[in-house]
Structure formats: C-alpha cells, structure tokens
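Below: the structure, in structure tokens.
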Amino acid sequence: MPVHCQQSPVLAGSAALAALGALVLYQREPSSYGKYTGSLAAAPHLPAGAAWFLQELPSFVLPVGMLVRQSRALSGPPAAVLLGLFCAHYFHRTFVYPFLMRGRPFPVAVLFKGFVFCTGNGLLQGYYLTYCAEYPAEWYTDIRFILGVFLFILGMGINIHSDYVLRQLRKPGEVIYQIPQGGLFTYVSGANFLGEIIEWIGYALATWSLPALAFAFFSLCFLGLRALHHHRFYLKIFENYPKFRKALIPFIF
Ligand code: NDX
C-alpha cells in the first residue's frame with residue numbers, strides 16, 4: 001500500500017456505500033423523482049436537465065481535479081486509465097445527458113441528496129485510484145482488466161442507447177409515459193439500468209478494488225429496485241404491456 005494512502009477513509013467510504021445499497025433494498029420505496037414524485041409533489045422543483053447537471057457535477061469535477069493535480073501520485077498508467085474511464089462516464093452524465101433529456105421537473109430535496117452522494121462517491125473512487133491503487137505494469141494484459149473494460153464499454157453503450165430510446169418517446173415539452181420499444185427494452189423494462197449495472201460491475205473487475213465493488217453493489221441495489229418499480233408501473237398503467245418482458249434480467253427477473 002503506497003505511503004500516501006489513508007486506508008481508513010477508503011474502508012469507511014466503501015462500507016458506507018454498500019450500507020446505503022442495503023438500506024435502499026430494506027426501504028423498498030422508489031426514490032421520489034420521475035414516475036414517483038409522490039410526497040414531494042408540492043415541494044420545490046428544478047428543470048430536470050439543470051438538476052441532473054448540478055447533481056452529477058461532483059462525480060466528474062472531483063476525480064478530474066485529483067487526476068490533474070496529483071498525477072505524480074498515481075501508481076502508474078493503469079490507475080490513470082481506470083480513473084479516466086470513471087471520468088468519461090461522468091463527463092457524459094454531466095455534460096451530455098442533462099442537455100438532451102426530456103424528464104419531468106426534479107425535486108430540489110432529491111437533487112441535494114444526489115449531490116451529496118455524488119460528492120462522496122467521486123471523492124472515494126478518485127482518492128482510491130490516485131493514492132491507494134497499485135497495479136503491475138502487465139495489468140493491461142490481465143484478464144480482469146480486459147474483461148472489466150469490455151463490460152464497462154458494453155454497459156455504457158447499452159445505457160446510452162437505452163436512454164436515447166426513452167428520450168425518443170417524448171417530444172420536447174411532453175411529460176407523458178409510453179411503452180419503450182427496441183434494443184434491450186424488448187427483453188427488460190430497465191434496459192438503461194441493466195446497462196449501467198453491467199458498466200459498474202466491469203469497472204469493479206477492471207479496478208479490482210473495494211470502492212468500485214461497493215459502488216457496483218450500490219448500483220445493483222438502487223437501479224435493480226428502480227427497474228422493478230418501473231416494471232410494476234408499466235404493468236399497472238399499460239394493459240397491452242408485453243407479457244414476455246422482465247424487469248431487469250432478460251428471461252429471468
Ligand atoms: N442519481 C444515481 N436513499 C441518483 C439521484 C437520486 O446518478 O438517499 C443514484 C444517480 C439519488 C440516488 C442517485 C442515490 C440515492 C439517493 C437518491 C435520492 C435519495 C436517495 C441519494 C445519486 C437516498 C437512501 C436514503 C435510501 C439511501 O419524467 P421522467 O423523469 O420519469 O422521464 C424519464 C424518461 N422516461 C420515460 N419517458 C417516456 N416514457 C417512459 N416510459 C419513460 N421512462 C422514463 O427517461 C427520464 O427523463 C429518463 C430516464 O428515466 P429513468 O427513470 O429510466 O432513469 P433515472 O432514474 O432518471 O436515471 C437516469 C440515468 C440512467 O441511465 C441511470 O442508469 C443513471 O441515470 N443512474 C441513476 C441513478 C443512480 C445511478 C445511475 C447509479 O447508481 N449508478
């Protein structure tokens with residue numbers, strides 16, 4: 001372990017992230033945005049694009065800041081490449097996705113919690129790869145790196161394509177819901193979530209790290225539950241919803 005690495009915050013942050021994932025499953029309630037504004041319906045809202053931009057910004061800015069300012073502390077090119085993948089995902093999520101999306105106004109209270117979450121996760125993943133990770137020079141040819149990066153890119157592709165399919169269901173200004181069709185939506189209601197989960201599982205494999213594993217676990221809990229809620233929502237409001245379609249995992253669940 002490099003001398004400049006403090007292990008306690010890494011362990012505490014990873015444990016907190018995993019515990020949040022478990023808490024999400026324990027509560028079983030959908031987070032109050034999009035289809036489920038519920039109790040926050042009368043609370044202050046922001047336009048969805050502005051809210052997603054602000055919420056996700058720390059997940060990009062903090063790791064990039066560490067990457068740029070502490071590049072000498074990085075334990076070699078593999079750590080920089082891996083942190084670069086994380087930043088690439090959040091570049092898209094912060095600077096592209098919010099400017100294209102056609103979502104309903106987003107509750108400020110959820111935005112605040114999401115911002116805190118993204119700050120903590122951005123710091124955790126960035127700190128670990130900047131100060132703690134150690135990879136041998138041959139990490140690029142290790143099966144964990146190769147398979148992990150493959151899954152990361154595959155998942156990101158599925159996620160971006162599925163978010164595109166959802167966007168096409170609305171004209172600008174509309175907030176109606178329709179049945180998503182095409183791509184992995186043919187098989188599951190949460191195709192965008194399945195892509196994102198595959199992405200973070202790949203990232204955990206490629207980085208072989210506790211913080212990334214904790215984030216993959218959190219994403220599986222949060223997005224898996226959200227996929228289940230979306231599936232039930234569709235079954236409830238669309239009589240003609242495809243019976244063959246599952247919630248998250250094709251043919252299984
Ligand atoms: N943001 C990750 N809980 C979350 C914000 C809220 O990036 O403390 C998790 C993220 C945060 C959450 C975040 C963490 C947990 C928090 C929670 C708030 C409280 C909670 C902090 C940080 C908390 C406890 C206490 C338990 C720990 O109108 P609309 O918005 O529904 O429109 C939608 C549209 N759409 C449709 N349009 C027409 N017809 C249809 N049938 C449609 N279905 C959907 O598509 C949207 O405009 C758009 C996408 O909607 P949806 O619902 O499919 O996806 P969404 O949940 O909005 O996620 C968008 C993307 C997606 O690619 C997803 O994979 C990714 O972001 N994401 C989202 C959430 C978390 C995350 C990734 C991750 O964990 N990796």
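Derivation of every value follows stated rules applied to the coordinates shown; laboratory data play no part. Everything quoted here is computed from the prediction, not taken from an experiment. Here Cβ is always computed from backbone atoms with ideal geometry, including for glycine, and neighbour counts include all displayed protein chains.
What is the angle, in °, between the Cα long axis of helix 77-95 and the longest principal axis of the Cα atoms in the chain? Nearest 10 is fine, range 0 to 90.
Long axis of 77-95 versus the principal axis of the chain: about 30 degrees.
Identify all lysines with a Cα-Cα distance to residue 113 below 26 Å; exclude those on the same chain that are fewer than 8 residues away in sequence.
35
With +1 assigned to the C-beta of every Lys and Arg and -1 to the C-beta of every Asp and Glu, and no other charges, what is the dipole magnitude of the stretch 88-234 about the Cα centre in debye, to the nearest 20?
Details: 10 positive and 7 negative charges, 155 e Å.
The calculated dipole for the stretch 88-234 is roughly 740 debye.
Ignoring everything except DSSP H segments at least 4 long, calculate the 222 nm mean residue ellipticity for the chain; use -39,500 (n - 2.57) per segment, divide by total residues, nearest 500.
-21000 deg cm²/dmol
Ranked by Cβ crowding within 10 angstrom, fewest neighbours first, how are 152, 53, 95 ordered?
95, 53, 152
For the chain, modelled as a Gaussian network with Cα springs under 10 Å, which listed residue fluctuates most, 164, 90, 127?
164
For the stretch 223-251 and the stretch 77-134, what is the centre-to-centre distance using only Cα atoms, to the nearest Å?
Their Cα centres are 27 Å away from one another.
What whole-number value in cubic angstrom gives the convex hull volume per residue for the C-alpha atoms of the stretch 140-210?
Values: hull volume 7.0 nm³, N = 71.
Per residue, the Cα convex hull of the stretch 140-210 comes to 99 Å³.
What aspartates and glutamates sit close enough to residue 243 to cross-link, taking a C-alpha to C-alpha distance under 12 Å and skipping anything fewer than 8 places away on the same chain?
Filter leaves no residues.
Please work out the Cα center distance from the stretch 173-218 to the stretch 22-75, rounded to the nearest Å.
Centre-to-centre (Cα) distance: 15 Å.
Identify the trypsin sites (Lys or Arg not before Pro) of the stretch 54-143 meeting these criteria: DSSP loop state and at most 14 other C-beta atoms within 10 Å of the C-beta.
Of the trypsin sites (Lys or Arg not before Pro), the ones in loops of the stretch 54-143 whose Cβ has at most 14 other Cβ atoms within 10 Å are 72.
Using amide H atoms built 1.01 Å from N in the peptide plane, name the residues 5+ places from residue 46, or on other chains, whose amide H lies under 5 Å from its own.
106, 108
Counting pairs of alpha carbon atoms under 8 Å apart in space and at least six apart in sequence, what relative contact order in percent does the stretch 94-253 give?
25
Pull up all non-local amide H partners of residue 188: gap of 5 or more, or a different chain, and H-to-H distance under 5 Å with H placed in the peptide plane.
The answer is 246.
Say the dipole of the stretch 167-253 comes from +1 at the beta carbon of Lys and Arg and -1 at that of Asp and Glu; which of 186, 175, 237 then lies farthest toward its positive end?
237
For 14, 39, what ranking results if the residue with the fewest other Cβ atoms within 10 Å of its Cβ goes first?
Working: 14 22, 39 11.
Going from least to most buried by this count: 39, 14.
How many nm separate the modelled label positions at residue 12 and residue 68, each set 7 Å beyond the Cα in the direction of the Cβ?
2.9
By the 4.7 Å beta carbon criterion, which cysteine residues of the chain come out unpaired?
Lone cysteines by the Cβ rule: 87, 118, 221.
Tell me, what HN-Hα J-couplings in whole Hz come from the Karplus equation 6.51 cos²θ - 1.76 cosθ + 1.60 at θ = phi - 60° for each residue of the stretch 119-127, using x for Gly and Pro?
Rounded to whole hertz, the list is 5, x, 5, x, 5, 4, 5, x, 4.
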